[in-house]
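Each value in this text was obtained by applying a stated rule to the coordinates, not by laboratory testing. What you see is a predicted model, and the numbers here were worked out from it, not measured in a lab. Here the Cβ positions follow ideal geometry from the backbone for every residue, glycine too, while neighbour counts run over all protein chains shown.
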Amino acid sequence: MKYLFLMLLGTSVTAQFTSNFYKILATDTLDKNLATSPISIEILMRMVYMGAGGSTAQELRKVLKLPADKKEVAEKYKKLLTNLEGRKRLAILDLANRIYVSDEYQLNSEYNKLVKDSFKAEAKTINFKSLGNAVSIVNKWVNDQTSGRIRDIVSPKDLGADLKVALLSGINFKAQWQYKFDPKKTFIADFHVTAKKRVPVEMMTLIGYFEVKLSFRLDAHMIELPFRDSSLSMFIFLPFKVDGLKKLVPKIGTYFYSRPEKEKVVLKLPKFKIEYSADLSRVLEKMGMRDTFGGSADLSGLLNSSKVPINKVFQKAFIELDEEGAEEPTVPVDRPCRQCEWDFNAEHPFAYVIRDREQNTTYLQGHFVNPEK
């Protein structure tokens, strides 16, 4: 019973970080297509915690709800990331995390031993003063780690000679649906960006049995679309109203992922590809990490110098979804009432979450607001 409590407590803490992070970021990006990985940022900040001391460690422990025992933190993520590596053949989900430190500092070798084993990541020194070379090194690393999907996570304007510490996160997701869409049935439809603006989009269509739900608390429809041979699913939250995304975003983190009955659904979903990048340091400051990003973080467990500024937190995410799937959907048997059939038409801005039901973990989330962006 004790272990069940600890597991549920850990899950709720991670969910709280995910909810707060997405709410702050999404509120500021409602006019853009968004793809982000809160758990990847959480992993990065826990890596920072492993090398932090003094008030920085206290602040991270408070904001991230971490135990004082750093070995406990390391063990949790070692299990999570080991499980993730085991499913790479079924769905491409590349999480690339690294800490780059100016080569004027010396790394603590014991620190890298710990994070390599537990977080499948490491810290590296780099000469930020050699700008062109630094950009090439960083971009080659993320390209190699994300199957070539993310080529440029930084540009020369993102780095500079005065940079001391930069945190990097790259995410690439590509998977096949459990039930494939027929490309011959994909058609050009209007996507309602606003009540007055429409743009064309390639709309996929499928009829099958899916777990679907109507939530008046969220003012949205929800559907779960499973991925092939995996415990991963995409949950799509479609607001009742064209302009309903703004009110939906703050509520998604409170949604309880229950399992509703499968219903007959006529599904229409846009093909989409999102590539999103940003410096997320201001988002993390708003979450309460002011000492960490205040210009003098205590990283005495990571470096040979205790007070060092963490200047940047770069994340770039790539997600692409099309008709590809594993099998034909089960053909629904018509019922004697039209109310038994759901029409799930994602023809206006919606939010999405890619979750692992077995691990109860959100790997990627965001929103789709405009096919032209």
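Couplings 3J(HN,Hα) of segment 290-299, computed from phi: 7, 5, 4, 10, x, x, 8, 6, 8, 10 Hz, in residue order, whole Hz [Karplus 6.51 cos²θ - 1.76 cosθ + 1.60, θ = phi - 60°; x for Gly and Pro]. By the gyration tensor of its Cα atoms, with a ≥ b ≥ c the square roots of the eigenvalues, what is the shape of segment 85-177: rounded for a/c under 1.5, prolate for a/b over b/c, or oblate? Since a/c reaches 1.5 but b/c is at least a/b, the shape of segment 85-177 is classed as oblate.
Taking packing as the residue-averaged number of other Cβ atoms within 10 angstrom, the listed peptides 69-81, 290-302 run from highest to lowest as 290-302, 69-81. Ranking Ala166, Ser296, Ser231 by how far each Cα lies toward the positive end of the dipole of the chain (charges on Cβ) leaves Ser296 at the top. Would you work out the relative contact order for segment 176-265, in percent, from Cα pairs under 8 angstrom that are 6 or more residues apart? Taking the mean separation of contacting Cα pairs over the length of segment 176-265, I get 28 percent. In a simple Cβ point-charge model (Lys, Arg +1; Asp, Glu -1; nothing else charged), the chain has a dipole of about 500 debye relative to its Cα centre. Ranking Ile252, Tyr49, Asn112 by Cα position along the charge dipole of the chain, where only Lys, Arg, Asp and Glu carry charges on their C-beta atoms, puts Tyr49 farthest toward the positive end.
Assuming charge only on the beta carbon of Lys and Arg (+1) and of Asp and Glu (-1), the dipole of segment 255-308 about its Cα centre is about 420 debye to the nearest 20.
Estimated from helices alone, the mean residue ellipticity of the chain at 222 nm is -9000 deg cm²/dmol (sum of -39500 (n - 2.57) over DSSP H runs with n ≥ 4, per residue). Centre-to-centre separation between the Cα atoms of segment 246-306 and those of segment 112-177: 19 Å.
Which of rounded, prolate or oblate describes segment 178-278 when judged by the alpha-carbon gyration tensor and an a/c cut-off of 1.5? Cα axes put segment 178-278 in the rounded bin. Packing-based ranking of 354-366, 174-186 yields 354-366, 174-186, ordered from highest to lowest mean Cβ neighbour count within 10 Å. Based on C-alpha pairs under 8 angstrom that are at least 6 apart in sequence, the chain has a relative contact order of 26 percent. If you take every DSSP beta bridge fully contained in the chain, what fraction is antiparallel? Give it as a percent rounded to 5. Counting DSSP beta bridges with both partners in the chain, the antiparallel share is about 75 percent.
Axis angle, to the nearest 10 degrees, between helix 2-27 and the longest C-alpha principal axis of the chain: 80 degrees. Rounded to the nearest 10 degrees, the inclination of helix 54-63 to the longest alpha-carbon principal axis of the chain is 10 degrees.
Comparing Cα centroids, segment 350-366 and segment 22-67 end up 17 angstrom apart.
Going through segment 246-281, which trypsin sites (Lys or Arg not before Pro) have at most 10 other Cβ atoms within 10 Å and a DSSP loop state?
Passing both the DSSP loop test and the Cβ count: no residue.
Axis of helix 109-119 versus longest Cα principal axis of the chain: the two differ by about 10°, to the nearest ten degrees. For the chain, the direction-averaged projected area of the alpha-carbon convex hull comes to 19.5 nm². Charge dipole (Cα centre; +1 on Lys/Arg Cβ, -1 on Asp/Glu Cβ; no other charges) of segment 193-274 amounts to roughly 400 debye.
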